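Peer 1: If you scroll down you'll find the structure; I have some questions about it.
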Amino acid sequence: MSSNPFPMNTAIVGVYEHPSRFSPNKTEFQIMAECAKGALDDAGLDRADVDGLFGASMSMGMMGIVDLAEYLDVRPDYLDGTNIGGSSFVAHVSHAAAAIHAGLCNVALVLYGSTAASNAMAIGTGGAGESKNPDAAFTSPYGMTTVGSYAMYANLHMNTYGTTSEQLAEVAITMRKHAGLNPNAKMRSPITVDDVLGSRMISRPLHLLDCCIISDGGGAVVLTSLERARDLPKPPIQLLGCGEAVQHQGVGRSDLLTIAAQQSGDRAFTMAGLDRSDVDLAMIYDSFTITVLATLENLGFCAFGEGGDFVSEGGISIGGSLPVNPDGGGLSSNHPGMRGIFLVIEAVKQLRQECDARQVGDPEVALAHGTGGTIGDKHSGATLILGVDR
Amino acid sequence: MNAINHPAPYASWETRGYWEGTGRNELVLQRCRKCTLVQHRPRGLCAHCLESEHLEHFVGTGEGEIYTFTITEQNQARGFAQACPYIMAYVTLDEGPRILTVIVDCDPDDVGIGARVTAKYVKQERDDGEVFAVPVFELS
């Protein structure tokens, strides 16, 4: 093992984002397997090298990770099917680093796949119907949708800080502008403030274009020790810091505007020994436009209430002070139900300077933050800070 | 807009006190006599002491104020599609805890964060012998 402390003694050595946005003839596991092949090829490793398997999906339940191992015909020494929502894969990367650090596995494969679009899933506005779960009895009679919970957060943010719909629209416009530079992005035509504000209202104050798209897709990430990574073909991307957190309604008194990102971000920055100003680009889970503002504020990239000004002054554009989601994000590139893995993949590709038209200069440090669940109700947060190997 | 056809709440033994209260038009809350915590959602024990013997039910005022809200214009789920737009809100009860609810019988333009609201109870048609209602709120 190298002399670096955890997690800096581990690195990401292979990534792959499935190029498809609509795969009606494939299953989740087939998409995951195709991604595994892509990421292992990228890493210069073989299926037989994998001794740690990490994964989650919209349909994998109990034993899901065992089913996935069977599908891939692998018998790893370490399994982790943690599912904390869309942030799961950001957390899997830090779990994999911990397992590698502890000597429990040497080559970890993190997988996601989904056919959310071809299954015509209603992700944002469904799931609010009848339930026989006594816990759901406190939400389901009231029609709590995913978008509705984010909308309640957005309304509180507007009321508290004066944030405007125009400022939220700026997030959607920027993501679309970035998507225009990404040949695989699903939605690439530019949009304006009027387009966003004129799109159908889903849950006030969030319009259709404030909401992420629904696509199929998948991705894979391969990790190993930094020492071994240095012998592999691609430049290693080192883990510098990581953190996980949860926020929920507790006993009915939690501050809605404080999200898990505050706790997980503080932990990751402390571990990395870095300041916010050291980050060259951020991959932020953009389920909705408000999610980006909430996450920027809670991660400390701007003060609470300043997120609106930060985005409307161009801060999150490629070329801005903190470029966010140069791939076009979930708002315009892809959102197959859970998006966390793409945050890691794009961060790695950016740090390797493999992103062509959407490349953000020559970044040395990237942050990825995934949110799982809903910020107006209960959710998980997972933060990773990644850097080029120096 | 039509009324929401609220999905039937299912009670466990932990939440039964709350739902039975709604059937009597009461908003029943839980309080721990040991640490004085008033908690919602209901549990079988105090979430902080992790002990059940000091937990008691009491009838709350059913009064509070809107913490935040959204006007839901799209929800395909059964019971809600015909009721859009409806006002979903968090209400901070005068006893402290916040609960999810809907605000009814008002013009959405009159609803604002901080507005005072009062509980009312929508009786559930049930065939299992239970008398439950769904607590909703109207402007005070």
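Laboratory data are not the source of any read-out in this text; all were calculated from the coordinates shown. Since the structure is predicted, the reported quantities are computational estimates derived from the model, not experimental observations. For neighbour counting, all protein chains shown are included, and Cβ atoms are generated from backbone atoms with ideal geometry for every residue, glycine included.
Peer 1: Suppose each label sits 7 Å from its Cα in the direction of the beta carbon; what would the A:A102-A:V246 distance come out to in nanometres?
Peer 2: That separation, rounded to one decimal, is 1.8 nm.
Peer 1: Calculate the FRET efficiency for B:C35 and A:D73 from the Cβ-Cβ distance with a Förster distance of 45 Å, rounded to the nearest 0.05.
Peer 2: Details: r = 54 Å, r/R0 = 1.19.
So the FRET efficiency works out to roughly 0.25.
Peer 1: Of the cross-linked pairs A:K234/A:K378; A:K37/A:K186; A:K37/A:K378, which ones have a Cα-Cα span greater than 31 Å in the structure shown? Before the final figure, lay out the partial values.
Peer 2: Working: A:K234/A:K378 38 Å; A:K37/A:K186 23 Å; A:K37/A:K378 35 Å.
Check vs 31 Å cut-off fails for A:K234/A:K378; A:K37/A:K378.
Peer 1: For A:K234, what residues show an amide H to amide H distance below 5 Å, using hydrogens built from the backbone and excluding near sequence neighbours?
Peer 2: Residues meeting the criterion, in which the H sits 1.01 Å from N, do not exist here.
Peer 1: Can you list the aspartates and glutamates whose alpha carbon is less than 14 Å from that of A:K177, not counting same-chain residues fewer than 8 positions off?
Peer 2: A:D195, A:D327
Peer 1: What ranking do A:R21, A:R200 get, fewest neighbouring Cβ atoms within 10 angstrom at the top? Walk me through the numbers before you get to the answer.
Peer 2: Numbers: A:R21 20, A:R200 10.
The order, fewest Cβ neighbours first, is A:R200, A:R21.
Peer 1: Please give the contour-minus-distance gain from B:F58 to B:D128: 0.36 nm per residue of separation, less the Cα-Cα distance, rounded to one decimal in nm. Walk me through the numbers before you get to the answer.
Peer 2: Values: separation 70, 0.36 × 70 = 25.20 nm, distance 2.55 nm.
In short, 22.7 nm is gained.
Peer 1: Figure the gain on full extension for A:Q353 and A:F6 (residue separation times 0.36 nm, minus the Cα-Cα span) and round it to one decimal in nm.
Peer 2: Length difference between fully extended and current span is 122.4 nm.
Peer 1: Can I ask one more? Starting at the first residue of region A:152-162, write each ³J(HN,Hα) from the Karplus equation 6.51 cos²θ - 1.76 cosθ + 1.60 with θ = phi - 60°, in whole Hz, x for Gly and Pro.
Peer 2: Using θ = phi - 60°, the values come out as 5, 4, 4, 5, 5, 4, 5, 5, 7, 10, x Hz.
Peer 1: Ok, one more. Would you mind ranking A:T160, A:T270 so that the residue whose beta carbon has the fewest other beta carbons within 10 Å leads the list? Don't skip to the end; give the middle numbers.
Peer 2: Details: A:T160 14, A:T270 11.
Going from sparsest to densest Cβ surroundings: A:T270, A:T160.
Peer 1: In whole Hz, with x marking every Gly and Pro, tabulate ³J(HN,Hα) for region A:168-176 from phi via Karplus 6.51 cos²θ - 1.76 cosθ + 1.60, θ = phi - 60°.
Peer 2: Residue by residue, region A:168-176 yields 4, 4, 4, 5, 5, 5, 5, 4, 5 Hz.
Peer 1: Here's another thing I want to ask about it. Across region B:129-140, in residue order, what do the Karplus-derived ³J(HN,Hα) couplings come to in whole Hz, using 6.51 cos²θ - 1.76 cosθ + 1.60 with θ = phi - 60° and x for Gly and Pro?
Peer 2: x, 7, 10, 10, 10, 9, x, 10, 10, 10, 4, 6
Peer 1: Under 16 Å from a label point 7 Å along Cα→Cβ of B:C49: give me every residue in region B:1-38 with its amide N that close.
Peer 2: Of the residues in region B:1-38, B:30-38 have backbone N under 16 Å from the label point off B:C49.
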